[in-house]
Each structure stands twice: as C-alpha cells, then as structure tokens.
Amino acid sequence: MGSFTRKNLSVAAGYAAVLVAGLLLGPRITSYDGSPRKKSLLGFELGDRSDKVEEVLQIINENYVDSVTIDTVQNMAIQEILKHLDPHSAYLAPSEAQSLTEDLEGNFDGIGIEYYILNDTLLVTSVSPGGPASKAGLKHGDKILSINKHQVSGIKITPKKIVEQIRGKKGTPVEILVKRDTTKRNFSVLRQRIVVSSIDAAYMLNEQNGYIKISKFGAHTDEDFAAQLQRLQKLGMKNLVLDLRDNGGGYLSAATGLADEFLKNNELIVYTEGLHEPRTDYFASSKGNFEQGKLVVLIDENTASASEIVAGAIQDLERGTIIGRRSFGKGLVQEQFDFGDGSALNLTIARYYTASGRSIQKSYKKGNEAYYGEVGNRYKNGELVSDGKNLSDTLFDKKKTFTTKSGKVLYGGGGIMPDIYVPVDTSGFTNVYYALGTKGILNDLVFNHLVKANPKYNSSEEIVKSFRLGDQEIKKIVQLAAAKKIKITEKQVEISRKEIETQIKALFARYYFGDEGYYKALNSGDQAIARSLEVLK
C-alpha cells in the first residue's frame with residue numbers, strides 16, 4: 001500500500017454497519033515517510049511483532065493450492081484485526097476513502113443533477129441552478145437513456161455504476177441522451193466542480209421562529225449555517241429550531257464552529273483525550289451570531305458523533321432545549337491513516353467528552369453486530385414509543401453523575417437523553433407504511449402518475465394545503481405494491497392514510513422546490529416541530 005500520512009478524524013456512526021463518515025479534529029497532517037521501510041506484503045512495516053502475520057501472508061502467497069490475490073488477503077487480514085478492536089476502527093478501500101472525502105468536503109466533479117431510478121429508467125428529479133447540466137439545457141423530468149453512448153435505461157443498473165459514468169475529471173465532457181416528453185435529445189455537458197451544501201433547509205416556521213436542517217457536518221457547514229442564519233435574521237427570526245435528526249456526524253471543526261454560534265466566549269464546548277493523545281479543549285469564542293435567542297435542538301436515534309457534540313454542549317451549558325429521542329451514542333475519536341494506493345485506515349485513538357465531562361459512547365462489548373443493532377432494539381423493547389419519563393433509570397449507569405451549568409443531573413454512556421422526549425407515533429407508521437417507502441412505491445406513484453395528473457404547484461405551501469390522497473390513489477398504491485410482489489390491502493393503506501399523504505406531499509415538494517420544499521411539507525405534521533413551537537412561545 002506504500003507510504004502513508006495521517007490526518008485526525010473521528011468517524012461518525014451511521015450508514016448501517018459500514019464506516020463511511022468522518023470527523024476532522026484539526027488541520028495537522030504528519031508525514032510518516034521519513035524512515036525507510038523494507039518491502040512488505042502488508043504494504044507497511046509494523047515492527048518485529050508483525051513477523052508472524054508477515055510470514056503467514058508470505059506462505060499463502062508462495063504455497064497456497066490455488067491462485068490468490070494477495071491484496072485481497074491483506075485486506076481481509078486488516079479487517080479481521082480491526083473487527084476485534086471497536087466498531088469504528090475500520091479499513092477503507094480507495095473508492096470508499098474517496099467517497100468519504102467527497103462527502104465531507106462537500107464537493108466533487110460532476111454535472112449537477114439528482115435522479116431517481118424509475119422502472120429501470122433514470123428520471124432527473126433536480127437540476128442544480130447554474131450548474132453544468134442546467135447550462136447545457138437539461139431539465140427536471142428528463143429521462144436519461146444513455147450516458148457516453150452506454151445504455152442506462154431499460155436495464156438493471158446500480159447507483160454506483162451511474163455515479164462512475166456521470167462523475168469524472170473536471171473539464172471533460174459527458175454525452176447524455178434524454179427523452180423529454182416524446183422527443184429524444186442529445187446534450188453535451190462539461191463536468192465542473194459541484195458544491196453540495198450540508199444545509200438541507202432554512203426557512204421561517206412563523207414570524208419569529210426559524211428552522212435550519214443540517215444533514216452532516218462538512219468542511220463548510222459552519223460557514224453555510226452562518227449565511228443562512230443571517231438570512232433568517234433579516235426575515236425577523238428571533239428564535240431557532242436546529243434539526244440534527246438523522247445527522248450521522250462529520251468534521252469536528254464544523255461541529256465546534258456551529259456550537260460557537262450559540263455559546264458565550266470561553267465556554268468549553270468539548271474535549272478529547274486518549275492514552276496516546278493528550279487532552280485537547282475546544283472553547284467558544286466571542287464571535288457567536290446567535291448567543292441570545294431561544295434555541296431548540298432536535299435529535300433522534302440516528303443523531304451521532306459531531307451532532308452529539310453540538311447537542312451535548314447545548315444541554316450541558318443549558319443554552320437551549322433538546323427535543324426528540326435518545327441519540328445514537330458515538331463518542332470515540334478516530335485518526336485516519338491514508339495509504340499511497342488511496343486506501344485508508346481509521347483507528348480509534350481517543351474519546352470525546354462533553355463540557356460536563358461525560359462520555360456519551362454506548363457499550364460495544366457484545367460486538368459490532370449487536371452495537372449497530374442496538375438502535376433497532378430500541379423499537380423492539382418499547383423505548384422509541386415510550387413517554388421517556390423513566391428511561392434514564394434503566395439506560396444509564398447512575399453511579400457516576402454529571403451536572404449542567406445550574407446543577408441538573410446528567411448521565412454518561414448511551415447517547416444524549418433529550419430534555420423533552422417525543423416518541424415515535426405508531427398509530428399510522430405501520431409496517432405497510434415503511435414498506436411503501438423503502439420499496440420506492442410512493443416515489444413511483446408520485447413520479448410515474450401524480451406528476452403527470454396534477455398541475456404544477458406554485459409553492460410547497462400550496463401543496464400542503466391543496467393535495468389530498470384520494471381513493472383512486474390508494475387503489476393505485478395497492479396495484480404498484482402488487483407489481484413488486486408486496487401484498488397489501490386498501491384497508492391497510494387507509495390506516496396510514498395521513499402519514500402517506502404527508503410523505504407524498506413532501507415528495508411532490510422536493511420534485512418542484514428541492515430539499516427545502518420537502519422539509520416544509522414533511523414538517524407540517526411533525527410532532528417534534530409542534531413541541532418546539534410550544535417551547536419557543
């Protein structure tokens with residue numbers, strides 16, 4: 001694998017059991033190329049204690065009965081070693097490491113479109129304003145038939161293959177054949193740097209209360225947030241709802257930068273410490289742009305890592321109110337070792353602690369499978385549907401306590417418990433509802449039928465007010481499900497009618513008005529948003 005450099009990262013939980021997100025701790029990059037290394041099958045020298053591992057690989061390479069790819073064997077050995085350390089120490093293949101970097105840096109070389117695979121056809125659902133695709137003339141609603149003369153419609157094609165064909169070196173052309181209405185058209189699109197904001201939505205809930213949704217903590221999140229915050233303040237915002245639900249983490253510098261917007265000068269945000277890593281404290285500055293207004297932070301079971309740092313700081317320092325459900329519980333810090341072939345090793349080197357001194361890392365003694373399955377177990381054991389009143393008695397070790405600024409007792413381990421608990425509403429969120437979402441049936445209904453049958457809306461607010469799920473749409477949902485070999489009845493769909501209608505409104509709004517329109521529609525029936533507005537009165 002050649003020489004490597006190291007960068008400080010703490011890897012966020014999420015993306016199922018696979019490690020894909022990271023959290024940059026600082027700008028320092030230390031080269032390890034100074035001393036010569038003898039040639040090694042592992043690609044790097046681990047010292048005398050690695051002789052047995054090295055010899056095993058050598059024996060396999062020279063004596064195994066069948067042909068083997070030694071790189072594959074190396075990777076298997078590395079993964080097996082890391083599996084026995086903790087859930088967040090991981091080896092990333094070159095493509096995974098590149099994807100991680102692009103995701104958190106918030107940019108890549110492409111053409112600036114979003115798409116949905118509809119009946120084996122690529123449907124363009126969004127075109128970035130001013131981006132390469134937009135300049136070339138592509139429009140949302142176009143169906144892509146081929147990319148660089150490679151057919152992509154009418155065949156089983158994976159998202160990975162699509163990305164490989166659309167993305168490429170900046171300045172190179174992409175030839176795209178689309179079908180618009182009944183006409184086929186060719187477009188030549190020049191790849192350019194595409195910047196993706198981690199701010200999904202920023203709008204006013206009412207005259208005084210603003211809402212900002214952050215999907216991850218990327219390299220420019222704190223800058224993007226500051227710009228959106230200023231925009232909402234000009235619209236009259238006095239109070240803020242910060243939505244960190246489903247936020248799996250990201251760069252620590254972005255998390256501390258965001259927390260700095262709310263906290264007073266010299267308040268401790270978080271600190272990191274490990275056996276070989278001395279304690280490092282991160283303090284707020286005097287540059288915060290929202291140190292006075294009321295603040296609500298929304299979290300759930302998928303809120304992890306960097307987003308837990310922000311929520312933990314707000315809770316410990318009593319700067320705002322945390323609303324939602326218990327967060328994931330990821331408090332380990334990784335350091336990333338980048339190898340010459342583009343692969344990377346993320347190794348846990350420290351833990352991070354909130355301002356009160358608590359580690360929010362949940363236990364991983366039962367192995368990785370149990371660790372990542374723990375969130376699913378919260379539903380099975382009733383936690384997600386409970387009122388949350390007595391959860392702290394059973395979920396946390398109460399022998400060791402921590403206190404907030406005014407003395408309120410908090411507990412470490414197992415994530416962050418919100419100040420106000422909002423359970424999952426199970427009345428309409430049935431297995432049928434989730435099946436309709438995960439199998440893409442609601443997307444199919446919207447893109448294949450409703451977009452054609454309904455007039456174009458002028459705003460997401462109009463969609464929320466005017467669209468209603470009729471009996472004909474329910475019949476169509478049952479038909480679409482049957483086509484995918486999912487047996488459901490109209491009666492089962494009726495039970496989740498309200499939730500399905502809200503989701504369809506949100507999909508409509510995203511198609512016409514992007515992510516902000518999606519969240520405006522989705523939040524129109526959100527219980528956590530409703531509780532937030534009560535707190536902000």
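Assorted remarks:
- Taking the stretch 169-206 as the range and being in a loop (DSSP other than H, G, I, E, B) and in contact with a Pro (Cβ under 7 Å, 6 or more places away or on another chain) as the test, only ARG191 passes.
- Residue count, the stretch 422-452 (criterion: surrounded by fewer than 19 Cβ atoms within 10 Å (Cβ to Cβ), under 24 Å from the mean Cα position of the chain (by Cα) and not in a loop (DSSP other than H, G, I, E, B)): 5
- Single unsatisfied condition, ASN247 versus (1) in a helix (DSSP H, G or I); (2) in contact with a Phe, Trp or Tyr (Cβ under 8 Å, 6 or more places away or on another chain); (3) under 22 Å from TYR203 (Cβ atoms): (1)
- A count restricted to the stretch 175-215 and to residues that are among the aliphatic types (A, V, I, L, M) and over 18 Å from ASN523 (Cα atoms) stands at 8.
- Any chance SER215 is among the small types (Gly, Ala, Ser), out of contact with any helix residue (DSSP H, G or I) (no Cβ under 6 Å at 6 or more places or on another chain) and either under 22 Å from ILE299 (Cβ atoms) or in contact (Cβ under 8 Å) with a residue 40 or more places away in the chain (or both): yes
- When LYS362 is tested against (1) more than 26 Å from TYR519 (Cα to Cα); (2) assigned to a helix (DSSP H, G or I), just one condition goes unmet, and that condition is (2).
- Residue selection: ILE416 satisfies the criterion of being crowded, with 16+ Cβ neighbours inside 10 Å, in contact with an Asp or Glu (Cβ under 8 Å, 6 or more places away or on another chain) and not basic (Lys, Arg).
- For the residues PHE447, PHE467, the requirement of being modelled with pLDDT of 90 or more and aromatic (Phe, Trp, Tyr) singles out PHE467.
- ASP387 part of a loop (DSSP other than H, G, I, E, B) and either surrounded by 13 or more Cβ atoms within 10 Å (Cβ to Cβ) or among the acidic types (Asp, Glu) (or both): yes
- For the stretch 484-499, taking the residues that are among the polar types (S, T, N, Q) and farther than 13 Å from SER427 by Cβ, the one that is surrounded by the fewest Cβ atoms within 10 Å (Cβ to Cβ) is identified as THR489.
- From the list SER146, SER188, SER198, the lone residue that is buried (at least 16 other Cβ atoms within 10 Å of the Cβ), over 23 Å from LEU104 (Cα atoms) and among the hydroxyl-bearing types (Ser, Thr, Tyr) is SER146.
- Residue that is closer than 30 Å to THR321 by Cα, of a type in the set (Gly, Ala, Ser) and crowded, with 18+ Cβ neighbours inside 10 Å, where the choices are ALA481, ALA530, ALA509: ALA509
- Scanning the stretch 505-537 for residues that are under 23 Å from VAL422 (Cα atoms) and of a type in the set (A, V, I, L, M, F, W, C) yields ALA506, ALA521, LEU522, ALA528, ILE529, ALA530, LEU533, VAL535, LEU536.
- Here the stretch 500-537 is the region considered, the condition is being assigned to a helix (DSSP H, G or I) and of a type in the set (Lys, Arg), and the residue that is nearest to THR426 (Cα to Cα) is ARG531.
- Restricted to the stretch 453-464, and to residues there that are charged (D, E, K, R) and touching a residue at least 40 places away in the same chain (Cβ under 8 Å), the residue that is surrounded by the most Cβ atoms within 10 Å (Cβ to Cβ) is GLU461.
- Within the stretch 102-161, the set of residues being part of a loop (DSSP other than H, G, I, E, B) and in contact (Cβ under 8 Å) with a residue 60 or more places away in the chain comprises GLY106, ILE111, GLY112, ASN119, SER128, GLY131, HIS140, GLY141.
- Checked against (1) assigned to a strand (DSSP E or B); (2) modelled with pLDDT under 95, ASP222 meets all criteria but (1).
- Residue-level check: of (1) closer than 27 Å to ARG325 by Cβ; (2) touching a Phe, Trp or Tyr at 6+ places or on another chain (Cβ under 9 Å), VAL296 misses just (2).
The values are calculated or read from the model by the stated rules, or taken from the named source; none is laboratory data. All figures in this text were calculated on a predicted structure; none of them were measured in a lab. Don't worry about glycine lacking a Cβ; one is built from the backbone with ideal geometry, like all the others, and counts go over all protein chains shown.
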